Amino acid sequence: MGSHMDSVRPLDASQLRYAYTTAPREVPDAKILTGTHKTICTDHIIVASWNVESGWSVPELKPYGPFSLLPSASCLHYAYECFEGLKAYRGHDGKLRMFRTDCNSRRLLMSAERISLPQFDPDELEKLIYALLSVEGTKWLPKSRAGDFLYVRPTIIGTDSQLGVARPTEALLYIIVGYMARMDTPAGGKRLLTNPDDMVRSWVGGFGYAKVGANYGPSVLATQEAYRRGYHQILWLYGPEGNCTEACGSNFFVIWKRKDGKKELITAPLDDQLILNGVTRRSCLDLARERLKDELEATERKFTIGEIQEAAAEGRLLESFAAGTAWFITPIAMIHHHGKDINIPTGPDGTPTEITGRIKGWLGDMMYGRVEHEWARVVPEKELKNFKIKRDILYH
Ligand SMILES: *Cc1c(COP(=O)(O)O)cnc(C)c1O
């Protein structure tokens, strides 16, 4: 086994080949972006293919566009797919930054292992992410868009033509970059509906902790019902006790006064593998433990919707927020459970109050370069001038 593994090529970012587009597209303005549900991607994609015999191909940066798959490709039948979601932030100092990409790279490896997709060195993936952003950032997120971001989606799919249910023998890793709307400031704050009694998002022994596509499509049926009834997302509860797990693609936090009078920032634990180990979640906990330790205790343990209702009734419920890359830190203003509303304090029109606002401010300062922090690293951008000389195709 060991010698076999040694003979296959590892993923190697230093081999990256560049084949720039000959048909660069126009950067959409804000109006076009808000008028479409289609994700607009940048000029280029990075791809690396894998097969069980030879390992990873040389990674390639090439024009964004469709790829061809056989109708029998394993990802289309058995959901051999896992992904990551990150953002690249244009700082107020003009620099482009990414946030804790090492965590996302390791998490993609974990997800790939869960769905029998190939392994790779996460450091190499991280280098590829940086390489793509260093090419795309300057054009697609110019300095005039300080305070804005691009969304980055590394993905792995099984590509072998195989209708037998078996470990994929061929796969494709690719990274795309596109625009995503800001979602962290819904008017009046976010409103959650608890899941229907006959549905769960994940279960003990399942794969809710992995970012595999199979977790997301099936959850949309419940989400549509939430939309119809005027809510933003589902709050997924688990078990007969109604343990709070996650709010769709975000981790769920509550700040309350415990019965012993101590202030607590609480979120669901990782050990039963029901929830995703969010990078934003981890960062909130780390910051709270480092900077708020005199004010509150940050805990990862089970807590129920009943405890939230009780805290609300006793005036101990202080704040709640959803945390994730896509939604960033979004205050939750209301949870509807079994016919009753739980109202949660927010700032004016659903803006963050106290603790939520401070944590959001700290993270935003790192991402947008108002404060230097080891979690937010600058992406060295390729000089457009050099492109012009070397490849006059990219810019006219
Ligand atoms: C991606 C995701 C999150 C958020 O994770 P981040 O690393 O903070 O972006 C939370 N829950 C689920 C189910 C997710 O898919």
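The values are calculated or read from the model by the stated rules, or taken from the named source; none is laboratory data. Since we're looking at a predicted model, the values are computed, not measured. Every residue, glycine as well, gets a Cβ built from its backbone with ideal geometry; the counts of neighbours run over all protein chains shown. Each accessible area value is taken on the protein alone, full model and side chains, heavy atoms only, with ligands, DNA and RNA left out. Shrake-Rupley method; radii C 1.70, N 1.55, O 1.52, S 1.80 Å.
Key figures
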| read-out | value |
| --- | --- |
| Cα-based shape type of segment 326-373, given that a ≥ b ≥ c are square roots of the gyration tensor eigenvalues and the cut on a/c is 1.5 | prolate |
| At most 12 other Cβ within 10 Å, DSSP loop - trypsin sites (Lys or Arg not before Pro), segment 185-234 | R229 |
| Calculated P(r) tail over 32 Å for the chain, as whole % of Cα pairs | 39 percent |
| Segment 264-332: trypsin sites (Lys or Arg not before Pro) in DSSP loop, at most 11 other beta carbons within 10 Å | K293, R301 |
| In degrees, nearest ten, helix 122-140 long axis to first principal axis of the chain (Cα) | 90 degrees |
| Rounded to 10°, Cα long-axis angle of helix 354-367 versus longest principal axis of the chain | 10 degrees |
| S116 accessible area, assembled protein chains, probe 1.4 Å, Å² | 50 Å² |
| Point-to-point label distance, D341-I40, nm (Cα→Cβ direction, 7 Å offset) | 3.7 nm |
| Segment 149-191 versus segment 228-282: alpha-carbon centroid distance in Å | 23 Å |
| Antiparallel content of DSSP bridges confined to segment 1-114, in %, to 5 | 75 percent |
| Rounded percent of accessible protein surface that carbon and sulfur make up, segment 86-156, 1.4 Å probe | 45 percent |
| Candidate lysines - alpha carbon under 24 Å from K139, same-chain residues fewer than 8 apart omitted | K31, K38, K62, K87, K95, K127, K382, K385, K388, K390 |
| Cα gyration tensor of segment 285-364 - equivalent ellipsoid semi-axes, whole Å, descending | 22, 16, 12 |
| DSSP loop GluC sites (Glu not before Pro) with at most 15 other Cβ within 10 Å excluded, longest remaining stretch of the chain | 54-240 |
| Fraction of beta bridges assigned by DSSP in segment 198-326 that are antiparallel (%, nearest 5) | 80 percent |
| Cα pair distances exceeding 14 angstrom across segment 69-133, given as percent | 64 percent |
| Shape call, segment 195-252: gyration tensor on alpha carbons, a/c limit 1.5 | oblate |
| Estimated FRET transfer efficiency when R0 is 56 angstrom, pair L163-E383 (beta carbons, to 0.05) | 0.70 |
| Over the chain: helical MRE at 222 nm, DSSP H runs n ≥ 4 each giving -39500 (n - 2.57), nearest 500 | -7500 deg cm²/dmol |
| Loop-located trypsin sites (Lys or Arg not before Pro) in segment 327-370 whose Cβ has at most 15 other Cβ within 10 Å (DSSP) | R370 |
| Stokes-Einstein diffusion coefficient of segment 190-350, Kirkwood radius over Cα pairs, 25 °C, 0.890 mPa s, in µm²/s | 155 µm²/s |
| Spatially close lysines, pair count over segment 190-350: Cα under 24 Å, gap of eight or more or interchain | 18 |
| Amide H contacts of C82 (H built 1.01 Å from N, under 5 Å, at least 5 apart or other chain) | I156, G213 |
| Per residue, in Å², the accessible surface of the chain once ligands and nucleic acids are set aside, probe 1.4 Å | 46 Å² |
| Rounded, prolate or oblate (a/c below 1.5 giving rounded, otherwise prolate when a/b exceeds b/c) for segment 148-277 by Cα gyration tensor | prolate |
